[in-house]
1. Looking at the chain as a GNM with Cα springs under 10 Å, which of 43, 99, 68 has the largest mean-square fluctuation?
2. Got the relative contact order for the chain handy, in percent, Cα pairs under 8 Å and 6 or more residues apart?
3. Would you compute, from DSSP H runs of 4+ residues alone, the mean residue ellipticity of the chain at 222 nm, taking -39500 (n - 2.57) per run and dividing by the full residue count, rounded to the nearest 500?
4. Given all pairs of different Cα atoms, what value in angstroms does the Kirkwood hydrodynamic radius of the chain take?
5. Tell me, what is a quarter of the convex hull surface for the C-alpha atoms of the range 64-121, in nm² with one decimal?
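Read the figures in this text as sums done on the coordinates, not as results from a lab. All figures in this text were calculated on a predicted structure; none of them were measured in a lab.
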């Protein structure tokens, strides 16, 4: 079986707020913006934002999905966490630095960076 994951979407309450948050965090403009579903292209992977209430759907926020984003270094990871609601403090796990923060809509997002010689929190 050839299986590929090319996209994932997060449920959001406020599309404008969520788009602003991810444009700032990902340091790139939204690829396709709509009041119901917006998309960011991240090196060919489509990260979607779905305004579930506008679609008349229910959703329970929680630990049902945890997107994991990787940056190049611990220094970048620490900078990206500045001013964010950190829900899992940065720590070394195996060969990665790992932390979690909440996005503007309360979704948990994991942020990782490879451990490099000389790294220190």
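1. Its mean-square fluctuation being the largest, the pick is 43.
2. Relative contact order here is 23 percent.
3. So the calculated ellipticity at 222 nm is -5000 deg cm²/dmol.
4. Value: 15.4 Å, from the Cα pair sum.
5. Orientation-averaged projected area of the Cα hull: 4.0 nm².
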